[in-house]
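Contents: one structure, followed by commentary.
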């Protein structure tokens with residue numbers, strides 16, 4: 001296993017990043033955590049419809065990997081999982097969009113048809129996942145195949161969890177992309193839980209990186225809670241993919257500190273282990289310490305960001321919490337381009353208009 | 001004008017669309033250098049190159065998933081299933097990812113998934129299937145199933161041009177058995193969603209599709225000759241969406257409906273057609289809506305077994321005669 005890490009007290013700025021970029025990454029980390037904390041509050045007020053999925057403890061690898069891509073209109077495209085809120089924010093998803101999604105608002109990006117972070121904006125560079133884990137690997141293989149066919153210097157990035165590496169779609173997609181030399185970076189998130197299932201019951205290899213090697217794909221294992229290490233590894237992989245060197249796999253070792261969803265009390269996890277990761281290996285705390293220890297930024301700058309993020313999330317919440325749910329009959333539209341709407345069933349027409 | 005086969009018409013349709021639109025490309029197993037298991041794509045690699053004729057690993061989920069990703073980016077992929085039986089390996093990708101994409105996410109996914117289907121060829125359980133019922137239940141997909149040389153060409157062209165994902169089912173028993181001449185200088189594009197009146201009649205309607213269109217036409221000739229019964233035959237051509245207007249029109253004309261399909265009975269399309277006719281034309285019926293289908297067993301290999309299980313012309317004659325006399 002290769003674990004890369006930034007040595008402490010290096011005087012120069014790390015990984016070719018500027019001070020503004022270091023601060024911007026901090027902003028996305030803080031925004032992810034603050035936004036999720038706001039969602040918890042809304043969940044407890046029963047304003048969130050359905051489940052709430054936290055990325056607590058995994059924000060570092062999400063933000064850092066996305067930050068290593070080329071962003072902007074029609075540049076790189078990533079496909080996030082439910083715990084990659086940070087990656088979506090980096091690519092340009094707005095907190096108000098996330099809030100509207102979780103509250104099933106008619107004004108949400110999917111107009112109430114899909115949940116949480118399952119939405120996309122291909123121009124900004126993110127493609128929403130579906131719940132069938134592993135399926136996004138073949139789809140991202142197709143997207144990056146298109147980049148290659150058109151000679152565009154763009155890359156794709158797809159996240160898969162440790163559990164999803166057991167699926168057929170993951171293996172088919174990885175192999176397909178490897179054979180076609182697609183410019184694709186795959187981030188394998190070893191977060192220790194697939195819902196409740198531990199790695200030992202999911203696969204018989206030690207590291208996910210071993211699986212990728214079976215497909216002729218360069219693979220590396222990185223400390224997923226070291227923001228700068230994940231950034232560097234992803235940047236290197238993306239640069240290589242962009243240069244025509246095909247698929248690259250990065251395993252990030254991290255730890256999911258909450259249950260699968262907010263309803264899940266994580267009884268299967270050792271409380272001591274969760275506590276240990278929280279107190280000694282939190283990606284945001286570690287990043288802050290690195291930034292301050294090296295004197296790259298000042299505490300005041302971080303505090304200003306914290307305040308500005310709180311304001312942003314407050315304003316986004318206020319701006320959408322009273323938005324209406326989608327009108328019921330809007331459920332019938334857009335199954336196809338043609339016909340534009342599905343047929344309303346006959347008995348729903350019998351007692352109109354009183355019964356609608 | 002030379003006579004061409006069903007397979008050649010399909011090949012021409014694919015070829016013309018690739019010449020017309022550089023966004024169209026093919027992917028599938030053994031389709032490039034080898035030209036496809038049935039040679040549908042023979043010569044395509046030489047003309048269009050490896051960039052547009054992609055030989056893939058044996059991985060139907062990856063083939064369909066990659067096609068979907070490419071379609072999101074503005075391309076027009078045509079994915080071949082070497083035998084349509086293997087489309088079940090991509091069932092998740094088609095039903096969960098592709099079919100829902102426009103609805104849940106506003107994503108256009110204009111892909112065509114095509115492949116040889118159907119029996120009567122001693123193909124055994126895994127090279128003879130008719131998978132339409134498994135996908136007919138999925139909003140977001142379209143399904144076409146040509147029976148004629150003209151529609152083999154016209155429907156592949158329309159499917160490629162459609163903005164929605166289309167399954168194109170091509171009956172391998174028709175590939176080289178059916179021949180016709182197509183007019184030169186006319187671009188043939190068969191609109192999706194419209195049935196074709198294959199034979200006009202007065203006494204009884206057969207609604208069918210695929211290979212059993214030809215068996216139904218044969219049965220109709222015999223009934224005319226032997227019984228003086230005039231049978232109308234409607235070739236559905238598109239299964240999803242069904243052409244309700246054409247089905248209701250023929251029912252209201254002859255007042256008797258026999259539905260014939262090669263697929264097994266339980267959960268087959270005939271049940272849905274029966275329900276729609278019952279809901280919307282009950283008072284027009286002069287007899288029960290009846291079905292001729294395959295028996296509810298996996299399709300066996302031995303000729304005696306396959307012939308027994310699948311609907312034959314004799315079966316259609318018997319059933320139609322019974323219904324005509326009702």
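The values are calculated or read from the model by the stated rules, or taken from the named source; none is laboratory data. A quick note: this is a predicted structure, and the numbers were derived from the prediction, not measured. Here the Cβ is made from the backbone with ideal geometry for all residues, glycine too, and neighbour counts use every protein chain on show.
With respect to residue B:191, determine if the residue is in a loop (DSSP other than H, G, I, E, B) and either at pLDDT below 95 or crowded, with 21+ Cβ neighbours inside 10 Å (or both).
On the way: in a loop (DSSP other than H, G, I, E, B): yes; either at pLDDT below 95 or crowded, with 21+ Cβ neighbours inside 10 Å (or both): no.
Judged against the criteria, residue B:191 is not a match.
Strands (runs of 3 or more DSSP E) wholly in region B:7-109 with at least 1 residues that are surrounded by fewer than 19 Cβ atoms within 10 Å (Cβ to Cβ) and more than 8 Å from chain A (Cβ to nearest Cβ) - which ones? Let's see the steps before the verdict.
Values: elements: B:24-28, B:53-55, B:76-80.
Where strands (runs of 3 or more DSSP E) fall fully within region B:7-109 and carry at least 1 residues being surrounded by fewer than 19 Cβ atoms within 10 Å (Cβ to Cβ) and more than 8 Å from chain A (Cβ to nearest Cβ), they are B:53-55.
Since residue A:298 meets every condition but one in (1) in contact (Cβ under 8 Å) with a residue 40 or more places away in the chain; (2) surrounded by fewer than 18 Cβ atoms within 10 Å (Cβ to Cβ); (3) in contact with a helix residue (DSSP H, G or I) (Cβ under 9 Å, 6 or more places away or on another chain), which condition does it not meet?
Condition not satisfied by residue A:298: (1).
Could we say that residue A:212 is in contact with a helix residue (DSSP H, G or I) (Cβ under 6 Å, 6 or more places away or on another chain), part of a helix (DSSP H, G or I) and buried (at least 21 other Cβ atoms within 10 Å of the Cβ) here?
Taking the combined requirement at face value, the residue does not satisfy it.
Anything in region A:94-116 that is touching a strand residue (DSSP E or B) at 6+ places or on another chain (Cβ under 9 Å) and surrounded by 24 or more Cβ atoms within 10 Å (Cβ to Cβ)? List them, or say none.
Across region A:94-116, there are no qualifying residues.
Taking region A:230-268 as the region of interest, how many residues are touching a helix residue (DSSP H, G or I) at 6+ places or on another chain (Cβ under 6 Å) and under 28 Å from residue A:53 (Cα atoms)?
Restricting attention to region A:230-268, the residues satisfying the condition of being touching a helix residue (DSSP H, G or I) at 6+ places or on another chain (Cβ under 6 Å) are A:230-232, A:234, A:247-252, A:254-255, A:257, A:262.
Going one step further and asking which of them are under 28 Å from residue A:53 (Cα atoms), we end up with A:230-232, A:234, A:248-252, A:254-255, A:257, A:262.
The qualifying residues number 13.
May I ask you to list the residues in region A:165-186 that are in contact (Cβ under 8 Å) with a residue 60 or more places away in the chain and either within 13 Å of chain B (Cβ to nearest Cβ) or farther than 25 Å from residue A:204 by Cα (or both)? Show your work before the answer.
Initial filter on region A:165-186 (in contact (Cβ under 8 Å) with a residue 60 or more places away in the chain): A:174, A:177-178, A:181-186.
The answer is A:174, A:177, A:178, A:181, A:182, A:183, A:184.
Kindly provide the set of residues from region A:114-162 that are in contact with a helix residue (DSSP H, G or I) (Cβ under 7 Å, 6 or more places away or on another chain) and free of Cβ contacts under 8 Å to residues at least 12 places away in the same chain, ordered by number.
A:120, A:142, A:146
Restricting attention to region A:98-144, and to residues there that are more than 13 Å from chain B (Cβ to nearest Cβ) and in a helix (DSSP H, G or I), which single residue is farthest from the chain's Cα centre (by Cα)?
A:100
Look through B:155, B:141, B:167 and report the one residue that is in contact (Cβ under 8 Å) with a residue 12 or more places away in the chain and closer than 20 Å to residue B:8 by Cβ. Can you show your working first?
Details: B:141 fails: closer than 20 Å to residue B:8 by Cβ; B:167 fails: closer than 20 Å to residue B:8 by Cβ.
None of the other options fit; the residue is B:155.
Given the criterion within 14 Å of chain B (Cβ to nearest Cβ), farther than 30 Å from residue A:237 by Cα and surrounded by 11 or more Cβ atoms within 10 Å (Cβ to Cβ), identify the matching residue among A:319, A:333. Don't jump to the end; show me each part of the working.
Details: A:319 fails: within 14 Å of chain B (Cβ to nearest Cβ).
Exactly one of A:319, A:333 is within 14 Å of chain B (Cβ to nearest Cβ), farther than 30 Å from residue A:237 by Cα and surrounded by 11 or more Cβ atoms within 10 Å (Cβ to Cβ), namely A:333.
So, in region A:53-82, how many residues would count as being within 23 Å of residue A:142 (Cα to Cα) and in contact with a helix residue (DSSP H, G or I) (Cβ under 9 Å, 6 or more places away or on another chain)?
The initial filter retains those residues of region A:53-82 that are within 23 Å of residue A:142 (Cα to Cα), namely A:62, A:65-82.
With in contact with a helix residue (DSSP H, G or I) (Cβ under 9 Å, 6 or more places away or on another chain) added as a condition, the list becomes A:62, A:65-71, A:76-81.
Matching residues across region A:53-82 total 14.
This table checks each residue for (1) in contact with a helix residue (DSSP H, G or I) (Cβ under 6 Å, 6 or more places away or on another chain); (2) within 14 Å of chain A (Cβ to nearest Cβ).
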| residue | (1), (2) |
| --- | --- |
| B:143 | yes, yes |
| B:148 | no, no |
| B:151 | no, no |
| B:155 | no, no |
| B:161 | no, yes |
| B:173 | yes, no |
| B:178 | yes, no |
| B:192 | yes, yes |
| B:210 | no, no |
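Taking residue A:88, is it touching a strand residue (DSSP E or B) at 6+ places or on another chain (Cβ under 6 Å) and assigned to a helix (DSSP H, G or I)? Break it down into steps so the answer makes sense when it comes.
Values: touching a strand residue (DSSP E or B) at 6+ places or on another chain (Cβ under 6 Å): yes; assigned to a helix (DSSP H, G or I): yes.
It is true that residue A:88 is touching a strand residue (DSSP E or B) at 6+ places or on another chain (Cβ under 6 Å) and assigned to a helix (DSSP H, G or I).
Among the numbered criteria (1) surrounded by fewer than 24 Cβ atoms within 10 Å (Cβ to Cβ); (2) not in a loop (DSSP other than H, G, I, E, B), which single criterion is violated by residue A:66?
Result: residue A:66 fails condition (1) only.
Within region A:145-157, restricting attention to residues that are more than 10 Å from every other protein chain (Cβ to nearest Cβ) and surrounded by 24 or more Cβ atoms within 10 Å (Cβ to Cβ), which residue is nearest to the chain's Cα centre (by Cα)?
A:157
I want to confirm something. Restricting to region B:231-254 and keeping residues that are within 14 Å of chain A (Cβ to nearest Cβ) and over 16 Å from residue B:132 (Cβ atoms), which single residue is nearest to the chain's Cα centre (by Cα)?
Kept after step one, since they are within 14 Å of chain A (Cβ to nearest Cβ), are these residues of region B:231-254: B:238, B:240-245.
With the extra rule that they be over 16 Å from residue B:132 (Cβ atoms), the set shrinks to B:244-245.
Values: B:244: 17, B:245: 19 Å.
In this case the residue turns out to be B:244.
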